[in-house]
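Remarks on the structure that follows.
Read-outs: derived from the displayed coordinates by stated rules, not from any lab. Quick caveat: nothing in here was measured; it's all calculated off a predicted structure. Please note: Cβ atoms are built from the backbone with ideal geometry, for glycine as well, and neighbour counts cover all protein chains shown.
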Amino acid sequence: MNNLSYFLAGLTLLLFGLAIAPGRVYPRWVGLMAAVSGAAFLYDGAVVVAYEGFAPSIIKVVGLLVLSVWAFVMVALMWRYGNRRRIARLGSTPPGPAQRPAGTR
Amino acid sequence: MEAREAATRQVGGDDAITTRIGAVAMPLGIVFIAVSEIFHPAKEDPMDFPAVFDEYAQSNVWTTVHLGEYFGFLLLLGGLVALYYSVSARPGVGAGLAPFGLAAAVTTAASFTVLQAVDGVTLRYAVDTWVSAPASRKEAAFGAAEVAR
């Protein structure tokens, strides 16, 4: 069960990393970090835990460290994206009833 | 471009708020997992089953540790679900891949639910049964604990 869960976690991170890597919303290197972390988890789940059991694995440690740094980097980037999106939405809000010309009543 | 972006926005919701919730959830998940790992029994070699089962049976926080880990993973995966909305906001390869990432995140959450239920609850009962079993039932109880492991 452990190997399947870590394999899936790795696959998820790898897919998100590859989705971010084209760099249209977030920087390319952030996507590469997620992809590296995902590949490490994927390998740990599919090879290390599956065939060697709970053996100490440097690859898992690397995956965990990269994931931790990535998650904290994403705080700033996602928060900034949220703010930009909100400002863009406020800028495109149609005028309310108070701005309607008096003659249209 | 703006019209295409608008078409990919979250239906019936606010993707700006979703993204910011995800920004908080992801590092919070890492903190939950890290703190839980500190309390996880880890003195014995994890492949030495008799020693490690004995250690687990003596732990008073076994289920709490696994609930903490589980909650941490859910927060982390929730953050990835939120990330989906921003990654898929602009058309391109990233937006094409993001739904597969979202599906994988949901599948992973389901897998961790089963993992923590087996590891945090079933294994706990199995090792307790093994420790307190009479000599005649010790072997069978150990086999059951090995399966749960």
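Numerical summary
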item: Gyration tensor (alpha-carbon) shape descriptor, the protein assembly as shown, a/c threshold 1.5; result: prolate
item: Sites matching GluC sites (Glu not before Pro) across segment B:42-85 that sit in DSSP coil, with at most 15 neighbouring C-beta atoms within 10 Å; result: B:GLU44
item: Translational D in µm²/s for segment A:2-89 (Stokes-Einstein at 4 °C, 1.567 mPa s, Kirkwood Rh from C-alpha pairs); result: 95 µm²/s
item: Cα long-axis angle, helix B:49-58 against chain B (0 to 90 degrees, to the nearest 10); result: 80 degrees
item: Computed helical MRE - 222 nm, chain B, DSSP H runs ≥ 4 contributing -39500 (n - 2.57), nearest 500; result: -26000 deg cm²/dmol
item: Hz values of 3J(HN,Hα) by residue in segment B:101-113 - Karplus curve (6.51, -1.76, 1.60), Gly and Pro given as x; result: x, 4, 4, 5, 5, 5, 5, 5, 4, 5, 5, 5, 4
item: Length-normalised contact order for chain B - Cα pairs under 8 Å, 6+ apart - percent; result: 27 percent
item: Residue mean of other protein chain beta carbons inside 10 Å, B:114-124; result: 2
